[in-house]
Amino acid sequence: MAEKPGTGFELIQRQAACTFAARARIEAVAPFHGADAREAGLAAAGALADLTECAGTDELDGLLIELTDARHGFSLETVAVTTREVLVGLLEADGNDAAEALSNAGAEHWWLTLCGTRWFALAFAPCYPADSPRFTLGSRSTFLLLQPVASFDRHATPRGSVIAEEVRQMIRHAYASVGCPYDTDLARQDVEALKFVWPLRQGDAPVQWWRSGTGGRREPA
């Protein structure tokens, strides 16, 4: 059953410079405390299916999956592995061949498709520096936010259009004003999967999290 996000992510949502974040309506599954991220995806599948059914009528903007084990977000490599494994669990629960579903993730205009709906995903983790939009503000949890693509339509003006360039610039300036540089080149390019897991710093190479060689888990010191 979905519930409201915990205080850790509520703080991230309130502090985000993005003009849309504060008013986004997000539900969450119970925090996952285990080490197997694929199991977290399997456990969240029912809530994702429920949200898919009512997202339009209830104007819901996303489902949050919180993984409390610090190993999931210890490094960028572990965030990449965690993201892939959570999505593998969700894809398998939805009856998909996960390897096939992710095989074209590096292509332009590819979308993560679950429950017959296209989704965007954002990973937040404690390994990100304080000036990153994906920083967790002191929380040791790693968060994966799944947003139905249709929810972006409610925030576009007019509906059915992409977010206007002036709004994109406003978002960039808002992040910059709080000392948080925002990589607009990454945000605007057409390989959607590259936006799921951001590099640690602006200008670093994009993260191909869907590849099996994105890195193994390392224990925190």
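The values are calculated or read from the model by the stated rules, or taken from the named source; none is laboratory data. Predicted model, so just to flag it, every value in this text is computed and none were measured. Methodologically, a virtual Cβ is constructed for each residue, glycine included, from the backbone with ideal geometry; neighbour enumeration extends over all protein chains shown. Note: areas computed on protein heavy atoms with side chains; ligands, DNA, RNA excluded. Shrake-Rupley method; radii C 1.70, N 1.55, O 1.52, S 1.80 Å.
Under the shape rule built on the C-alpha gyration tensor, where the axes satisfy a ≥ b ≥ c, segment 83-122 is rounded, since a/c falls short of 1.5. Taking amide hydrogens as placed 1.01 Å from N in the peptide plane, the amide H of Leu112 sits under 5 Å from those of Trp119, each at least 5 positions away in sequence or on another chain.
Taking the average, over residues, of other Cβ atoms within 10 Å as the packing measure, peptides 82-91, 195-204 rank 82-91, 195-204 from highest down. With all pairs of separate Cα atoms included, segment 1-148 yields a Kirkwood hydrodynamic radius of 15.4 Å.
Per atom type, segment 69-159 shows carbon and sulfur on 50% of its accessible surface, probed at 1.4 Å.
Estimated at 0.36 nm per residue, the fully extended path between Asp58 and Leu42 surpasses their Cα-Cα distance by 3.3 nm.
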